[in-house]
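The values are calculated or read from the model by the stated rules, or taken from the named source; none is laboratory data. Keep in mind the model is a prediction, meaning the values are calculated, not measured. Here Cβ is always computed from backbone atoms with ideal geometry, including for glycine, and neighbour counts include all displayed protein chains. All accessible areas refer to the heavy atoms of the entire protein, side chains included, with ligands and DNA or RNA removed. Shrake-Rupley method; radii C 1.70, N 1.55, O 1.52, S 1.80 Å.
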Amino acid sequence: METISSKATIKQLVAAALHALQHSGREIFVTSLHDTLLKKKVKFPLLEYAAREIAAAVPDEEQTSILDDIICLRETGSQVLAGTVLQLRLDRHFAASIDKACAYIQYGDQWYVCDIIGERVLGHALLTRPEETIPLLQQLSAHENKWMVRTVGVAAHYAVKKGLSPVFVEPVFNMLLSLSDATDFHTRKGIGWGAKTVAKFHPELIARYHPRIESAATRQWFRTKINMGLHYSRKK
C-alpha cells in the first residue's frame, strides 16, 4: 500500500478533489478522495489536516451529505475525516453533530469506528462543553447499542487526557463507575479505558471513591483498570 507522509501532497490531493467537486459534482469528489487518499496509508494527523482543508472549502450546508458518502466508503480514513469535520461543526451545530457522530458509530459497527469518531466528536465536546455533554453521555450510558455505551468511556479518556476540569471529572467518573458491572467485551474495553485515564490523572479522586470501587458491586475488570491507571500515575 502506498504511503503518503507529506502535508504538501495532502494539500494537492485535496485541492484536486475539491476542483472535481466544483466542476464534476459530489460523486466524483468522493471517488477522488477515495482513490487518492483513503486507499493510501496516511497517518491520522495528516487525515485531520485534509479534513480541515475540506471543511474550510465546502459550504456548511453541503458538508454532512458529503460526510454521509465518505462514511459509506467504510475506510478507516473515512472515520477520521468525518470525525474531524463533525468536531469542527460542534460550535455551530452541536446537537446535530453529536447525533450524526452517534449514527456513524452505529453504522460502522466496529470498535475502531467507535473510538476514532467518539474521541474526535464526543470526547472533544466533553472537553470543551462539559455542561452540555455530560447529560448526553448519561443518556448514552443507558443506550441499547453497545457502541454507544463504549463511547462514554472513549469520550472520558479523551477529555480527561486533554485536561478536563476536575469539577467535571468527578461526575464523569461516577458515570463510568455506574457501568462497572458491564459484561460485554467491547463495552468493558471502552469504559475501562476511561477509568484507567481518570486514575492516571486524578488519583486523589480514586482515593475518595476507594470503598465503592472495592465493593462487591464493582467487577474485577474495572478494579484492574483502576490499578493500571494508578500505576501509571505513580510513574509520571
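For a Förster distance of 25 Å, can you work out the FRET efficiency between the beta-carbons of residue 216 and residue 186, rounded to the nearest 0.05?
With a Förster radius of 25 Å, E is 0.55.
In nm, what is the difference between 0.36 nm times the number of residues separating residue 35 and residue 23 and their Cα-Cα distance?
Taking 0.36 nm per residue and subtracting the Cα distance, the gain is 2.5 nm.
Roughly how large, in nm² to one decimal, is the mean projection of the convex hull of the alpha-carbon atoms in the chain?
Computing the convex hull of the Cα atoms and averaging its projections yields 13.3 nm².
Simple spin-label model, 7 Å along Cα-to-Cβ: residue 178 to residue 230 in nm?
2.4
Size of the dipole of the chain about the Cα centre, Lys and Arg at +1 and Asp and Glu at -1 on the beta carbon, nothing else charged, in debye to 20?
1240
Return one quarter of the surface area of the convex hull spanned by the alpha-carbon atoms of the stretch 93-174, equal to its mean projected area, in nm².
It is 4.7 nm².
Taking the dipole about the Cα centre of the chain, with the C-beta of Lys and Arg at +1 and of Asp and Glu at -1, give me whichever of 153, 85, 59 is farthest to the positive side.
So the residue we want is 153.
Taking a threshold of 21 Å on the Cα-Cα distance, which of the pairs 161/235; 11/41; 11/100; 7/100; 40/100 fall above it?
Table pairs above 21 Å Cα-Cα are 11/100; 7/100; 40/100.
By how many nm would the segment from residue 223 to residue 110 grow when fully extended, if each residue of separation counts as 0.36 nm and the alpha-carbon distance is taken off?
Here the answer is 38.1 nm.
Taking GluC sites (Glu not before Pro) as exposed when DSSP calls them loop (any state but H, G, I, E, B) and at most 14 other Cβ atoms lie within 10 Å, what is the longest stretch of the chain free of them, the sites themselves excluded?
3-143
Whenever you get a sec, compute what percent of the accessible area on the chain sits on carbon and sulfur atoms (1.4 Å probe).
52
Just grab the label-to-label distance for residue 74 and residue 94, each label 7 Å out from Cα along the Cβ direction, in nm (one decimal).
Distance between the two pseudo-spin positions: 3.5 nm.
What is the Cα centroid distance between the stretch 1-38 and the stretch 129-202, reported in whole angstrom?
Answer, in whole Å: 35.
For the chain, with the dipole built from +1 on Lys and Arg beta-carbon atoms and -1 on Asp and Glu ones, taken about the Cα centre, which of 29, 180, 224 lies farthest toward the positive end?
Selected residue: 224.
Once you keep just the Cα pairs under 8 angstrom separated by 6 or more residues, what percentage relative contact order results for the chain?
It rounds to 12 percent for the chain.
How much area per residue is accessible in the chain when the probe is 1.4 Å and only protein heavy atoms are counted (Å²)?
47
Distance in nm between label sites at residue 7 and residue 170, each 7 Å beyond Cα in the beta-carbon direction?
Each label point lies 7 Å from its Cα, and together they span 4.1 nm.
Where does the charge balance sit around residue 213 when Lys and Arg score +1, Asp and Glu -1, over other residues with C-beta under 12 Å from its C-beta?
Within the 12 Å Cβ shell, the charges total +4.
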